[in-house]
Amino acid sequence: MAITEPRGTVTRNIFYNLFGPDYKLIEKKRFLNKPRLQDYLEGKKIKIKNIRNLTRAIPISGTEIIYRLIYENEEETASYTSLIYESDDTLFEIVNVKTPGTITTPNFRLFAAQALGTFYWELLPNKRVAYINSDEDKHDDVFGSSYTVHVCYLDGREEYQITQKFNPIEFPEDLVNFLDISEYTRPQKSLLINAYKDKKYYASMKRMYCDLQYIFVSIHTLNDLPLKQDASFNETIASWETQLDVFDLNIGKYIGSFKFPSEMYEIEGGYAFNVDLDKYGFMEIRKYKINPIVYGLPEDPDWKTKK
């Protein structure tokens, strides 16, 4: 199954196209016209105008789908993320948390500041979901820093957690010069600087990938310290090499930490894929075979030549 969806701001008429394995269109649906989702929104007192985004929809079958809903809570002046499982006859909220990496006040919104916080999820085999919420990062002078991997069933029941240590990266002391916030007003600048001071550290995770039961968690390292940052931390970084923590979630085991040549676009079937420019300036898809030991499998001296 595959889904295509329009880009951009979500509106009342947001829709998705569901295709079967033979690439034939099964149906075209409008998310916000679905009765069960409407009941869910009404139960949480969420107004359509307060839906910020409805994204990352993954079909499980022709009648089952998982997606992420981001909305604003007017009473709290806060952004929330819900991970939702929906079928023809039921709807479950798998998780509901304040959206990491957001700053919200009555007069100001900043979304997707990756260094402040991230939320990623992946669909696992046997109808399970893995997610990481970097707002759960813990920093302790004695026990060090750690992040948490959650593995849940589709009805929201948690199967187990994995707590994994990491080396935290502290924000520079001179945030005024480090952050490119010249476009903001004085109160907004103060709000941004205080948000980074309060966090003190980069969020543990940049991104998460999934290949069957294996997840790859991209961790912030010193290589990610940028030459210059905008407020959302999207500027050019000093090095493209990235660190991935790998887990086998069929057995709830951390396999190890491995260096990859760059941030990947996708990992699937034992291969990593990236999109980059060739020497002539044209976009190309690059495919990298992954050593089996990354998956916790025995080392094969001929792994590079095997398909």
Using the Karplus curve 6.51 cos²θ - 1.76 cosθ + 1.60 with θ = phi - 60°, work out ³J(HN,Hα) for each residue of the stretch 263-275 in order, rounded to whole Hz, and write x for Gly and Pro. 5, 8, 7, 7, 10, 7, x, x, 10, 10, 10, 9, 10
Could you work out how much longer the chain between residue 153 and residue 93 gets when fully extended? Use 0.36 nm per residue separation minus the Cα distance between them, nm to one decimal. 20.5 nm
Between residue 283 and residue 184, what is 0.36 nm times their sequence separation minus the Cα-Cα distance? Round to one decimal in nm. 32.3 nm
Using amide H atoms built 1.01 Å from N in the peptide plane, name the residues 5+ places from residue 266, or on other chains, whose amide H lies under 5 Å from its own. 273
Measure up 138/199; 45/127; 98/127 against 22 Å on the Cα-Cα distance and list the ones that go over. 45/127; 98/127
In what order do 80, 295 fall by count of nearby beta-carbon atoms within 10 Å, going from fewest to most? 295, 80
Sorted by chain and then number, the residues having a modelled amide H within less than 5 Å of the amide H of residue 171, at least 5 places away or on another chain, are 201, 202
Can you return the aspartates and glutamates within cross-link range of residue 206? Criterion is Cα-Cα under 18 Å, with same-chain partners fewer than 8 residues away left out. 122, 135, 136, 137, 170, 224, 230, 235, 241, 245, 263, 266
Across the stretch 93-105, in residue order, what do the Karplus-derived ³J(HN,Hα) couplings come to in whole Hz, using 6.51 cos²θ - 1.76 cosθ + 1.60 with θ = phi - 60° and x for Gly and Pro? 8, 6, 7, 9, 9, 5, 5, x, x, 10, 10, 10, 9
Want the number for residue 25 to residue 297: 0.36 nm per residue separation, take away the alpha-carbon distance, what's left? 94.1 nm
Within straight cross-link reach of residue 29, meaning Cα distance under 22 Å, which lysines are found once same-chain residues fewer than 8 apart are removed? 47, 49
Return the sequence-ordered ³J(HN,Hα) values of the stretch 188-201 in whole Hz as given by the Karplus equation 6.51 cos²θ - 1.76 cosθ + 1.60 applied to θ = phi - 60°, using x for Gly and Pro. 5, 4, 4, 4, 5, 4, 5, 5, 6, 5, 5, 6, 6, 10
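Throughout, read-outs are computed from the coordinates displayed, never taken from laboratory work. Predicted model only: the values in this text are computed from it and were never measured. Virtual Cβ from ideal backbone geometry, glycine too; neighbours counted across all protein chains shown.
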